[in-house]
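Derivation of every value follows stated rules applied to the coordinates shown; laboratory data play no part. Because the structure is a prediction, the values reported are computed rather than measured. We place every Cβ from the backbone using ideal geometry, glycine too, and count neighbours over all the protein chains shown.
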Amino acid sequence: MGTNGSTMLEPLRQGLPPTDPSGVAGSASCALPARYEAVGGARKFTRSTLERWELGDRFDDVALVVSELVTNALRHALPGESSQEFTDPPVRLHLMRWASRLVCAVRDPSQVSPVAGEAADSAESGRGLFLVECVSDSWGWYRSPVPFGELPSGPLYGKVVWALFRLPENTEPAP
């Protein structure tokens with residue numbers, strides 16, 4: 001499901017908070033199908049990646065953010081009957097690790113800005129980006145600078161929504 005050192009991550013780094021690109025200690029990426037079952041697959045991918053990087057203690061927070069970002073991409077960024085329109089899975093999860101930070105990023109085919117609204121306490125939905133904001137150290141989004149797919153109407157650019165987690169300074173990346 002995942003790939004390490006993917007060149008596809010390079011454009012993602014351009015929209016993230018500044019850091020030394022040579023300091024990337026690890027990266028992993030997986031394609032997710034346009035089905036809600038993909039959220040569980042994203043969590044499994046996140047668990048195995050964090051364990052490989054010896055960051056298993058961060059799983060709960062990172063998995064919550066990954067779940068919210070993937071769910072938002074599936075719910076809000078895909079047109080109806082999207083699975084027939086894309087030759088490749090339309091949503092991708094990227095995890096990147098530096099010595100002092102971890103970034104999870106979800107790419108989807110929509111260029112519409114994500115909206116962080118404050119849902120009422122009794123609302124059953126609408127809290128996703130509010131949770132991302134509360135659990136991560138920062139988050140943001142940008143329009144993808146390179147196309148990642150092709151539709152009959154032309155190239156598909158989309159957007160990337162990311163969340164950053166600071167890591168303790170004394171944490172050395174696992175190979």
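Just a few scattered comments:
- Val62 sits among other residues whose Cβ lies under 15 Å from its own Cβ, and their net charge, with Lys and Arg +1 and Asp and Glu -1, is 0.
- Estimated at 0.36 nm per residue, the fully extended path between Arg35 and His76 surpasses their Cα-Cα distance by 13.5 nm.
- Full-extension gain in nm, Val112 to Glu51, via 0.36 nm per residue minus C-alpha separation: 18.6 nm
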